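Colleague: Quick one: the structure is below, and I'll ask about it shortly.
The values are calculated or read from the model by the stated rules, or taken from the named source; none is laboratory data. Just so you know, these numbers come straight off a predicted model, no measurement behind them. In this analysis, Cβ positions are derived from the backbone assuming ideal geometry, glycine residues included, and neighbour counts consider all displayed protein chains. Calculation scope for accessible area: heavy atoms of the full protein, side chains included, ligands and nucleic acids excluded. Shrake-Rupley method; radii C 1.70, N 1.55, O 1.52, S 1.80 Å.
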Amino acid sequence: MMKYFFLIILFFSYVQLVQGQTESPLENVVITTKKKKTQVSTNKKGELHVNVSPKDVLKFKAKGVVHYSDFGASGDGKTDDLDAIAATHAFANQYGLKVKADEGATYYIGGKERTAIIQTDTDFGTASFLIDDTEVENNKASIFLVSSSLQPFKLEGISSLKKNQEKIDVSLPTSCLITVTNSNQKHYIRYGLNQDNGSTQTDIFVVDKNGNVDLDAPIIWDFDQITDVTALPLDEVTLTISGGRFTTIANKAESKYNYYSRNIMIKRSNVVLDGLEHRIIGEGDHGAPYGGFITVRDCAYIMVKNCILTGHKTYSTIGSAGKPVSMGTYDILVNRALNVSFVNCSQTNDINDKTYWGIQSSNYSKNLVYDNCTFSRFDAHKGVANASIKNSTLGHMGINAIGSGLLTVENTTIQGRNLINLRSDYGSTWQGDIVIRNCVFVPEGGKLTSASLIGGSYSGQHDFGYTCYMPEQITIENLHIDDSNHPEDYLGPAIFKDFNEEMTDDSYQEKFPYIITNEIFLRNVTTASGKDLIISSNPFMFKDVKVSTY
């Protein structure tokens with residue numbers, strides 16, 4: 001009896017497909033089942049039309065997986081397969097099917113403006129993807145967008161917020177990522193060669209359906225006024241993307257701030273990206289910068305593991321101050337995201353080769369983790385709340401950060417100019433604590449230098465849009481400093497770099513006072529030079545800092 005019932009259901013499903021009742025638009029893609037032949041085409045507006053034969057629909061649904069070749073991808077490394085790839089994902093999204101690349105295929109992706117939307121588990125496997133950036137229609141268009149089927153919505157009735165507030169007065173259908181802005185307040189008013197007028201006050205946090213804030217990623221600003229509040233429901237089921245060997249043929253555009261985003265953009269919560277490789281070829285003597293081949297934005301709970309990435313060649317341009325400046329260019333970018341981890345990841349080029357810019361950057365994020373990574377740098381531009389770097393090795397650009405909360409560096413080797421550099425262009429501010437444990441610091445990768453652990457600078461004459469803090473408490477335990485290559489006048493490694501050479505007595509007045517560290521705890525700090533730690537080459541500035549050993 002059940003057998004006949006199943007056949008009846010199958011028959012009616014087939015009739016519905018033949019009648020074309022599954023037509024559905026998705027991101028400039030229209031899927032129909034009106035014709036007997038599966039085919040992919042575009043109209044004059046650039047919209048992608050995907051017709052899937054009713055017979056193929058039933059076959060694909062029975063298998064639970066679709067391949068790029070099912071929608072016409074050649075995989076020969078020459079034919080542009082982006083339309084077929086986008087069509088495959090559009091169909092998979094509509095029917096909840098997995099996507100799998102064809103083994104051994106090489107998919108060429110030209111400069112057409114087209115984004116493949118990923119909403120289901122995807123296995124790139126051992127397939128290769130050749131992304132040609134030499135001529136593109138839109139350098140801001142991602143190749144893949146990992147997106148949620150859940151839609152963001154505006155929240156009403158929230159007029160203010162307080163730092164560390166535990167609950168907001170809302171009732172939600174599920175846990176959501178909340179983004180709050182106040183366009184009337186400017187933060188991160190940048191100083192230096194890339195100076196600017198600041199950015200809109202922004203905060204992101206997770207709340208449950210009753211409005212309780214996840215205090216592991218707390219609200220970090222007071223909002224006297226709120227101009228926009230957006231809630232994005234969190235996907236509860238983990239989406240997994242695995243494998244893939246990606247190669248970017250680098251752009252040859254003018255060397256100016258015109259960031260390329262021909263990338264994999266993750267804008268869905270609860271995603272695991274596992275085993276991807278990205279390489280870069282064709283870099284010449286000029287080019288525009290990149291915004292991150294792996295970009296994580298407006299989401300939470302992301303893990304990138306077992307991935308191999310590549311640093312981009314550094315090019316220079318004229319900055320906003322009218323002087324030459326090296327352009328930041330990245331293979332990893334994290335913006336407005338919470339709980340993002342990079343585990344067992346590395347890069348193809350030498351982490352100490354200064355020809356290549358630091359591989360990672362982040363803004364407005366919380367709870368960032370490196371675990372067992374070998375990268376040229378960790379960086380937080382417009383603030384990070386809580387960061388952990390453990391079991392890792394960092395190269396010539398080291399650890400650069402501003403932000404708040406707890407910054408932990410553990411079981412890690414750092415080969416930058418400082419063990420931690422508090423970015424001076426954003427006020428060298430860290431409102432919280434720093435813990436350094438079981439680490440090795442090799443200043444400048446072993447080049448001739450005078451070592452300092454905490455770097456930065458602060459004149460007290462520039463308004464960054466917020467009060468600037470040094471870490472309230474610094475704990476350093478089991479640290480070895482390889483300062484064997486030092487100048488003759490070397491006094492020993494300084495805990496603090498000279499943050500302000502002009503502040504040598506009480507006559508110096510700061511318009512915007514710097515809140516100096518309260519206390520430093522030291523335990524088992526050793527040096528290759530045999531010299532003891534000093535507080536700073538500018539002892540006046542740090543005269544009130546208490547240093548304790550335990």
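Colleague: Percent of Cα-Cα pairs per 10 Å bin, from 0 to the last occupied bin, for region 358-494, please list those.
Modeller: Each 10 Å bin holds this share of Cα pairs: 13, 45, 34, 8, 0.
Colleague: Another one. From the phi angles alone, apply the Karplus equation (6.51, -1.76, 1.60; θ = phi - 60°) to region 220-228 and give each ³J(HN,Hα) in whole Hz, x where the residue is Gly or Pro.
Modeller: Per residue, the Karplus-derived 3J(HN,Hα) values read 10, 10, 7, 10, 6, 8, 10, 9, 7 Hz.
Colleague: Ignoring everything but the protein chains, give the 1.4 Å probe accessible area of LEU215 in square angstrom, nearest 10.
Modeller: That residue has around 90 Å² of solvent-accessible surface.
Colleague: Kindly give Rg over Rh for region 490-541, based on alpha-carbon atoms, with the Kirkwood expression for the hydrodynamic radius.
Modeller: 1.04
Colleague: Once region 417-516 is represented by equal point scatterers at the alpha-carbon sites, with solvent omitted, what log10 I(q)/I(0) does the Debye formula produce at q = 0.13 Å⁻¹?
Modeller: Here log10 of I(q) over I(0) equals -0.52.
Colleague: Name the residues whose placed amide hydrogens come within less than 5 Å of the amide hydrogen of THR227, ignoring near sequence neighbours (fewer than 5 apart) on the same chain.
Modeller: Hits under the 5 Å cutoff: THR181, ASN182, SER183.
Colleague: Moving on. Take the alpha carbon atoms of region 414-462, find their center, do the same for region 302-373, and report the distance between the two centers in whole angstrom.
Modeller: 18 Å
Colleague: Right, something else. Under a Cβ-Cβ cut-off of 14 Å, what is the net charge of the residues other than ALA253 that fall near it, where Lys and Arg count +1 and Asp and Glu count -1?
Modeller: Working: positive: LYS140, LYS252, LYS256, ARG262, LYS313; negative: ASP132, ASP133, GLU135, GLU137, GLU254, GLU283, ASP285.
Within the 14 Å Cβ shell, the charges total -2.
Colleague: Considering all projection directions equally, how large on average is the shadow of the alpha-carbon convex hull of region 142-275, in square nanometres?
Modeller: Numbers: hull surface 44.2 nm².
Taking the Cα atoms of region 142-275, their convex hull projects to 11.1 nm² on average.
Colleague: Which helices, taking whole DSSP H runs in the chain, have alpha carbons extending 27 angstrom or more along the helix axis plus mean Kyte-Doolittle at least -1.0?
Modeller: Details: long enough: none.
None pass (Cα extent of 27 Å or more, hydropathy at least -1.0).
Colleague: When the Karplus curve 6.51 cos²θ - 1.76 cosθ + 1.60 is applied with θ = phi - 60°, which whole-Hz ³J(HN,Hα) does each residue of region 428-440 get, with x for Gly and Pro?
Modeller: 6, 10, 9, 8, x, 10, 10, 10, 10, 9, 6, 10, 10
Colleague: Can you grab the distance from the C-alpha centre of region 481-550 to the C-alpha centre of region 178-195, Å, no decimals?
Modeller: If we compute the Cα centre of each part, the gap is 30 Å.
Colleague: Given H placed 1.01 Å from N in the peptide plane, which residues other than close sequence neighbours of ALA253 have an amide H under 5 Å from its amide H?
Modeller: Excluding prolines and chain starts, which carry no amide H, the hits are ALA288.
Colleague: Would you mind working out the magnitude of the charge dipole of region 131-274 relative to its Cα centre, with +1 at each Lys and Arg C-beta and -1 at each Asp and Glu C-beta, to the nearest 20 Debye?
Modeller: Numbers: 14 positive and 19 negative charges, 55 e Å.
Approximately 260 debye in magnitude.
Colleague: VAL547: accessible area at probe 1.4 Å, nearest 10 Å²?
Modeller: Taking all protein chains as shown, VAL547 has close to 70 Å².
Colleague: Ordered by residue, what ³J(HN,Hα) values in Hz, to whole numbers, does region 488-500 give under the Karplus form 6.51 cos²θ - 1.76 cosθ + 1.60, where θ = phi - 60° and Gly and Pro are x?
Modeller: 5, 8, 5, 8, x, x, 8, 5, 10, 5, 5, 6, 8
Colleague: Still on this structure, please answer the following. With a cut-off of at most 15 other beta carbons within 10 Å, and DSSP calling the residue loop, which GluC sites (Glu not before Pro) in region 434-524 qualify? Please list them.
Modeller: Working: sites: GLU444, GLU472, GLU477, GLU488, GLU501, GLU502, GLU510, GLU519; in loops: GLU472, GLU488, GLU501, GLU502, GLU510.
Of the GluC sites (Glu not before Pro), the ones in loops of region 434-524 whose Cβ has at most 15 other Cβ atoms within 10 Å are GLU472, GLU488, GLU501, GLU502, GLU510.
Colleague: If I take the Cα coordinates of the chain and project them onto the principal axes, what are the three extents in Å, biggest first?
Modeller: Extents along the principal axes: 88, 53, 48 Å.
Colleague: Out of residues 5 or more away from ASN349 or on other chains, whose amide H comes under 5 Å of its own, with H placed 1.01 Å from N in the peptide plane?
Modeller: GLY311
Colleague: So, one more: Within 10 Å of each candidate Cβ there may be at most 15 other Cβ atoms; applying that plus a DSSP loop requirement, which chymotrypsin sites (Phe, Trp or Tyr not before Pro) in region 213-263 survive?
Modeller: Values: sites: TRP221, PHE223, PHE246, TYR257, TYR259, TYR260; in loops: TRP221, TYR257, TYR259.
Qualifying residues, ordered by number: TYR257.
Colleague: Could you give the semi-axes, largest first, of the ellipsoid that matches region 77-144, computed as the square roots of 5 times the alpha carbon gyration tensor eigenvalues and rounded to whole Å? Write out the running numbers ahead of the final one.
Modeller: Numbers: eigenvalues 82, 46, 15 Å².
That gives 20, 15, 9 Å for the three semi-axes.
Colleague: Give the residue from GLY446, VAL146, VAL296 lying farthest towards the positive end of the charge dipole for the chain; charges sit on Cβ (+1 for Lys and Arg, -1 for Asp and Glu) and the dipole is referred to the Cα centre.
Modeller: Result: VAL146.
Colleague: Evaluate region 207-324: find the radius of gyration of its Cα atoms, find its Kirkwood radius, and give the ratio Rg to Rh. Please report the intermediate quantities before stating the final value.
Modeller: Numbers: Rg = 18.8 Å, Rh = 17.6 Å.
That ratio equals 1.07.
Colleague: Mind ranking GLU236, GLU113 by accessible surface for me, highest first, 1.4 Å probe?
Modeller: Working: GLU236 150, GLU113 95 Å².
Order by accessible area, largest first: GLU236, GLU113.
Colleague: What part of the accessible area of region 69-138, given as a whole %, is carbon or sulfur when the probe is 1.4 angstrom? Present the calculation step by step, with values, prior to reporting the outcome.
Modeller: Values: 1030 of 2460 Å².
With neighbouring chains kept in place, the figure for region 69-138 is 42 percent.
Colleague: Let me ask you something else. What whole-number value in Å² describes the accessible area per residue of region 17-134 for a 1.4 Å probe? Display every interim value, and only then the final one.
Modeller: Details: 5230 Å² over 118 residues.
Normalised by residue count, the accessible surface of region 17-134 is 44 Å².
Colleague: Follow-up. Give me the percent of Cα-Cα pairs in region 257-384 that sit more than 21 Å apart, rounded to a whole number.
Modeller: Numbers: 2953 of 8128 pairs.
I get 36 percent for the Cα pairs in region 257-384 exceeding 21 Å.
Colleague: In addition: Over the alpha carbons of region 120-213, what is the largest minus smallest coordinate on each principal axis, giving the biggest first in Å?
Modeller: Principal extents (largest minus smallest coordinate, Cα): 48, 43, 21 Å.
Colleague: With a 1.4 Å probe and all protein chains left in place, how much of the accessible area of region 296-359 comes from carbon and sulfur atoms, in whole percent?
Modeller: Numbers: 1060 of 2220 Å².
C and S fraction of accessible area: 48 percent.
Colleague: Run a plain Debye calculation on region 435-479 (Cα atoms as equal point scatterers, no solvent) and give log10 I(q)/I(0) at q = 0.13, 0.29 Å⁻¹, rounded to two decimals, same order as the q list.
Modeller: Per q value, in the given order, log10 I(q)/I(0) is -0.48, -1.12.
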